[in-house]
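Structure first, then comments.
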Amino acid sequence: MEDIKNIILKRGKEESLMRFHPWVFSGAIYSCDFEPQEGELVNVLSSKREFIAKGHFQPSSIAVRVLTFDNEEIDLKWWKSRLSTAYGLRKAIGLTDNPQTDCYRLVRGEGDGLPGLIVDIYSHTAVIQAHSAGIFNNLEIIAKCIVELYEGRIEAVYNKSDGTLPFKSGVDMSDGYIFGQKHDVNVIENGNKFSVNWEHGQKTGFFIDQRDNRELVRKYSKGRTVLNTFCYTGGFSVYALRGGVEKVDSVDSSARAVELADLNVRMNFGENASHEAIAADAFDFIRRTEKTYDLIILDPPAFAKHHKVLGNALQGYKRLNANAMARINKEGILFTFSCSQAVSKEQFRDAVFSAAAISGRKVRILHQLTQPADHPVNIYHHEGEYLKGLVLYVE
Ligand code: SAH
């Protein structure tokens, strides 16, 4: 067995772990019989010194991210088995061998029993993001397991952890290929083509989590005028065009994003698509434009990264949604999202309710949206449910 050191919890602090919640907060620790290193594998013991869990230590408010509640060894076999379980779920939901969709999330942290690890598959490339030093220290093993799991179908594994690690304890963090090298950058999602740049793009290069919601936009687009704000690579715009939109405007503050949106539209529909890409601040654009639309999409970046700024974030959602409702034509549709983990479903809905009241429009909820099945939520870790969306009918 490995030589693993122990962290002992304060009395009563084991309760959430007994319910399989995978985090140990620093305030729950009674004592350590050593000075834990960032990323070190540790045992978590109850105040009675009984084994509860094993996980990676991180010197932060979440002190241990639990890998297992069994007293088992975390070796190559263990990593293989966890990754193979993650693969099995994607296979079960029809994503691993789908000619219409070759990009999906293979691992989503706690949702796959692998806290701190994100793996996205883009055709023949896997892009890995480590959010903890414990995961970062195991990148080579993880890459090896992924390559084996796909039996030749994954030709490159790219590490993109530089921007996501909380601490940088002297290790070389630079992004780069752990296996293979750069090749194709085009993916297909529900039959739509997208160019993905994992090396320079935001997050792992593409927002896979809106796949199902984009498909719903397609269904509502026929004959409508659409405004896609915070468009990034133009995902919603491509689906709107696929659905037979009359005209779509894509807005993002990043000039690079707007170029990408344009490129993706051209890749699917040629030069004469009914699309305009506008580099602008979306808050300003919605406030100032004199245009009105039949369907508006609001998919802003996370306003609240921490609970401390929650109040401001909710105000932000309220104002943005109220301004958007004022720009929607009669009998129009609003797709509105929040990806802030710190904002609950109820809080987001309250903010949108207030926006409806401010706008004075008659508003009904058509759909309540969330993240797709390749972003599973560990039932013992409700924090994993981060994407919230409402589709509203605005009379
Ligand atoms: N809807 C996109 C993902 C949105 S990510 C998709 O389906 O892929 C959030 C985007 O908001 C990023 O592209 C970022 O550049 C953009 N952004 C951030 N602040 C902005 C602002 N004030 N105005 C417009 N866009 C902004």
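The values are calculated or read from the model by the stated rules, or taken from the named source; none is laboratory data. Fair warning: this is a prediction, and the values are worked out from it, not measured in the lab. Every residue, glycine among them, receives a Cβ derived from its backbone with ideal geometry; neighbour counts consider all protein chains shown. Accessible surface is based on the protein model in full, side chains and every heavy atom, while ligands, DNA and RNA are left aside. Shrake-Rupley method; radii C 1.70, N 1.55, O 1.52, S 1.80 Å.
Averaged over every viewing direction, what's the projected area of the C-alpha convex hull for the chain? Give it in nm², one decimal, please. Could you put the intermediate results ahead of the total?
Details: hull surface 79.3 nm².
Over every viewing direction, the Cα hull of the chain projects on average to 19.8 nm².
How many Å² of accessible area per residue for segment 114-185, probe 1.4 Å? Intermediate results must be reported in sequence, preceding the final value.
Working: 2880 Å² over 72 residues.
On a per-residue basis, segment 114-185 sits at 40 Å².
I'd like the distance separating the alpha-carbon centroids of segment 127-147 and segment 298-350, in whole Å.
Going from one Cα centre to the other spans 34 Å.
Below 8 Å between Cα atoms, with a sequence gap of 6+, how large is the relative contact order for segment 220-322 in percent?
29
Taking LYS91 as the anchor, which lysines have their alpha carbon closer than 17 Å to its alpha carbon, excluding any fewer than eight residues away along the same chain?
Result set, ordered by chain and number: LYS80.
Cα centroid distance between segment 8-46 and segment 210-250, in Å?
46
Return the distance in nm (one decimal) between the two label points of a simple spin-label model at LEU76 and ASP33, each offset 7 Å from Cα along Cα→Cβ.
3.0
Please work out how much length the chain gains when fully extended from HIS124 to GLN202, using 0.36 nm per residue of separation minus the C-alpha to C-alpha distance, in nm with one decimal.
26.1 nm
Could you calculate the contour length gain from ARG364 to ASN6, that is, 0.36 nm times the residue separation minus the distance between their Cα atoms, to one decimal place in nm?
Gain on stretching ARG364 to ASN6: 123.5 nm.
Lys/Arg Cβ at +1, Asp/Glu Cβ at -1, dipole of the chain taken about the Cα centre: which of PHE25, PRO166, PHE51 is farthest positive-ward?
Looking along the dipole axis, the top candidate is PHE25.
With helices defined as uninterrupted DSSP H runs, which ones in the chain have an alpha carbon span along their own long axis of at least 20 Å and mean Kyte-Doolittle hydropathy of at least -0.5?
255-269, 310-326, 345-359
Which of the aspartates and glutamates could a cross-linker span from LYS77 if the Cα-Cα distance has to be under 15 Å and same-chain partners fewer than 8 positions apart are dropped?
The qualifying aspartates and glutamates are GLU2, GLU140, GLU148.
Mind scanning LYS291/LYS362; LYS193/LYS247; LYS54/LYS308 and naming the pairs with a C-alpha gap bigger than 27 Å?
LYS54/LYS308
Taking the Cα centre of the chain as origin, work out the dipole magnitude from +1 charges on Lys and Arg Cβ and -1 charges on Asp and Glu Cβ, in debye rounded to 20. All intermediate terms of the calculation are to be shown ahead of the outcome.
Numbers: 48 positive and 50 negative charges, 306 e Å.
Dipole magnitude for the chain comes out near 1480 debye.
Within the accessible area of segment 1-140, what % is carbon and sulfur when the probe is 1.4 Å and the other protein chains stay in place? Walk me through the numbers on the way to the answer.
Details: 2940 of 6110 Å².
Answer for segment 1-140 is 48 percent, counting heavy atoms of protein chains only.
Given Cα pairs under 8 Å that are at least 6 residues apart, what percent is the relative contact order of the chain?
Over the chain, the number comes to 11 percent.
Can you compute the FRET efficiency between ASP184 and ASP97 using 1/(1 + (r/R0)^6), with r the Cβ-Cβ distance and R0 = 25 Å? Round to the nearest 0.05.
Efficiency, from the Cβ-Cβ distance: 0.90.
Over segment 1-150, one equal point on each Cα, no solvent: what is log10 I(q)/I(0) by the Debye formula at q = 0.09, 0.12 Å⁻¹?
Values returned for q = 0.09, 0.12 Å⁻¹ are -0.30, -0.52.
For all pairs of alpha-carbon atoms in segment 201-340, what percent lies in each bin of width 5 Å, listed from the first bin to the last filled one?
2, 11, 21, 23, 22, 13, 5, 2, 1, 0
Counting only helical runs of four or more DSSP H residues, what would the 222 nm mean residue ellipticity of the chain come to if each run contributes -39,500 (n - 2.57) and the total is spread over all its residues?
-8000 deg cm²/dmol
Quick one: dipole size for segment 208-299, taken about the Cα centre, charges +1 on Lys/Arg Cβ and -1 on Asp/Glu Cβ, in debye to the nearest 20.
Here the size comes out at about 320 debye.
For segment 1-69, with every protein chain kept in place, what is the accessible area per residue (1.4 Å probe, Å²)?
Roughly 51 Å² per residue, with all protein chains present.
For ASP284 paired with THR68, estimate the spin-label separation in nm (one decimal), with each label point 7 Å from Cα along the Cα-to-Cβ line.
Once both label points are built, they end up 5.5 nm from each other.
Would you mind checking the pairs LYS219/LYS330; LYS13/LYS203; LYS222/LYS345 and listing those with alpha carbons more than 23 angstrom apart?
Check vs 23 Å cut-off fails for LYS13/LYS203; LYS222/LYS345.
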